[in-house]
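Since the structure comes first, as structure tokens, the remarks are kept for the end.
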Amino acid sequence: MKTWYERAIQTLNEAALAVQERNNIPIRSLESLASNIVASLHKTDDLVVEALSGPPGSPLLTNLLNVSILGTRVGMGLGYYGDELHRLALAGLVHDIGLFAVPAELLSKSGRLTPEERTLIEQHPERGVEIILQCDPTLHWLAQVTCQAHERWNGRGYPHRLKGRQIHEMAQICGLVDVFDALVSERPYRPRLFPHEAVKELLVAERATFPREILKALVEQLSVYPLGTTVRLTTGAVGVVVKINSRYPLRPVVKVTAEERGDDVQSHELDLSLTPLIAVTETLKPPVVGQVHVGTVLSRPPASSATIGVSDHFTSLLESLDAITSTLQAVVETQKRQS
């Protein structure tokens, strides 16, 4: 029996075949799929875990579904709700639909693209506009988002070199999550990055490419250590991230499963936002589908921790400790590369 994710990919494959055969895409089926994504994310983060786990399949199809899932989660962090959130989920599903009108051999080319080939690929957003308006002439907003998904805040995107607020916010969300998904997905020419490595790459390399508030929402909603990620703590303990503290992205709730020295310990949950002397030092495995069944995003510490975790002083302490931990980890990694 196919999983929900596999059935969703099948729907997207039908849309891709429709584009290649110059037929109308099944827009109503895609709208229903978008509604399912929103409904699921209101209940659990299982789809986020699956999208971050590097699911198998055609990269073009998994990218459409992952951008919809992850983009919707980012939109929730930005305050999207109702019809607006459903629109964002739908936009993610079709943001690169025009790519299926590009010759397949060009998309799979391993060598450097010629200027002519690059120009042809960069025309795919406008082909997406034609595809969407062909199936429903009233979907001007969706055509606009699709056309602008590769525009960038600094004006270095395509096809029209728009910049700043000229770009639809949904297009900026899809664009950022599109880059993030590419980084955490395996490609023939490079291994996939861990989600926290992809976040670091975005913060370093894409700071001028996307607006700060959307970058911040991505970090808070997907977390530096997403649900299902296996991590090692400063105590040597190993555990799995089971809840996210959006206020402290570096300090999730971890279900501790073992000690580094091999002691037989009972599993228990550890909220790192309440333990300033314990932090994540290393990511061991990316999220695994099925490892986390009920995901939770904690927007604030539990009520019982009010006397411990809500003061500015405590927040500053946590941030300072996280900065120290990150610095020490960077030094260790540098020494490993040099040895």
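Listing for the model above:
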quantity: Sole residue being in the same structural domain as Ala171 (by TED's automatic domain parsing), touching a Lys or Arg at 6+ places or on another chain (Cβ under 9 Å) and not aromatic (Phe, Trp, Tyr), chosen from Val49, Val19, Val67; calculated: Val19
quantity: The stretch 244-275: number of residues that are surrounded by 14 or more Cβ atoms within 10 Å (Cβ to Cβ) and either of a type in the set (A, V, I, L, M, F, W, C) or at pLDDT 85 or above (or both); calculated: 15
quantity: Unmet criterion (only one of (1) part of a helix (DSSP H, G or I); (2) in contact (Cβ under 8 Å) with a residue 24 or more places away in the chain) for Phe210; calculated: (1)
quantity: In the stretch 146-176, the residues that are of a type in the set (D, E, K, R), in contact with an Asp or Glu (Cβ under 9 Å, 6 or more places away or on another chain) and either surrounded by fewer than 16 Cβ atoms within 10 Å (Cβ to Cβ) or in contact (Cβ under 8 Å) with a residue 60 or more places away in the chain (or both); calculated: Arg161, Lys163
quantity: Hits in the stretch 129-183 (condition: among the charged types (D, E, K, R) and in contact with a Gly (Cβ under 6 Å, 6 or more places away or on another chain)); calculated: Glu151, Arg161, Lys163
quantity: Extreme residue, modelled with the highest pLDDT, among residues of the stretch 37-70 that are out of contact with any helix residue (DSSP H, G or I) (no Cβ under 8 Å at 6 or more places or on another chain) and over 30 Å from Arg190 (Cα atoms); calculated: Ala39
quantity: Of all residues making up the stretch 177-193, the number that are among the β-branched types (Val, Ile, Thr), out of contact with any Lys or Arg (no Cβ under 8 Å at 6 or more places or on another chain) and either touching a residue at least 40 places away in the same chain (Cβ under 8 Å) or exposed (fewer than 14 other Cβ atoms within 10 Å of the Cβ) (or both); calculated: 1
quantity: Residue match in the stretch 75-90 (condition: in the same structural domain as Thr138 (by TED's automatic domain parsing) and closer than 19 Å to Ser185 by Cβ); calculated: no
quantity: Gly92 being at negative phi, in contact with a strand residue (DSSP E or B) (Cβ under 9 Å, 6 or more places away or on another chain) and surrounded by 17 or more Cβ atoms within 10 Å (Cβ to Cβ); calculated: no
quantity: Residue satisfying all of: in the stretch 194-214; in contact with a Lys or Arg (Cβ under 9 Å, 6 or more places away or on another chain) and hydrophobic (A, V, I, L, M, F, W, C); nearest to Val241 (Cα to Cα) among these; calculated: Phe194
quantity: Qualifying positions in the stretch 115-145 - under 19 Å from Thr209 (Cβ atoms) and either of a type in the set (Phe, Trp, Tyr) or touching a residue at least 40 places away in the same chain (Cβ under 8 Å) (or both); calculated: Val145
quantity: Breaking point among (1) at pLDDT below 95; (2) within 22 Å of Asn23 (Cα to Cα); (3) among the basic types (Lys, Arg), for Arg112; calculated: (2)
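The values are calculated or read from the model by the stated rules, or taken from the named source; none is laboratory data. Everything numeric in this text was worked out from a predicted model, so none of it was measured. Here Cβ is always computed from backbone atoms with ideal geometry, including for glycine, and neighbour counts include all displayed protein chains.
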